[in-house]
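See structure below.
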Amino acid sequence: MTEPPLRPATEEEIADSLAHALQYEGRKRVRHADDAMARITAERLVRRLRASGFVLMKRPPGAAPSDDGHGRG
C-alpha cells in the first residue's frame, strides 16, 4: 500500500499538537500545564520553528472504516 502524499502542516495544526503535548502525557492530564499557558507556549514555538526554516509535514486524514460485514456471526 502506498503512503498518501504529505502536505505542509498549518500553524494551527502544529500549535494544537504542541499544546496537547504540553497538557497531556499519554492519556493522563498533566496538572502543572494550564490550558492558556500551553496554548501561548505552543504558538511561540510554532513561530520560532517557522522563523528557523522548519517545515512540518502532515498526512491527510485516513479513510473512515467501512461496514463490510466482517465480524458478524
Query raised in the report: Dividing the Cα radius of gyration by the Kirkwood radius, what Rg/Rh value follows for segment 1-52?
Result: 1.10
Query raised in the report: Using the Karplus equation 6.51 cos²θ - 1.76 cosθ + 1.60 (θ = phi - 60°), what ³J(HN,Hα) coupling, rounded to whole Hz, does each residue of segment 35-45 give in order, writing x for Gly and Pro?
Result: 4, 5, 5, 4, 5, 4, 4, 4, 5, 5, 4
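Read-outs: derived from the displayed coordinates by stated rules, not from any lab. Everything numeric in this text was worked out from a predicted model, so none of it was measured.
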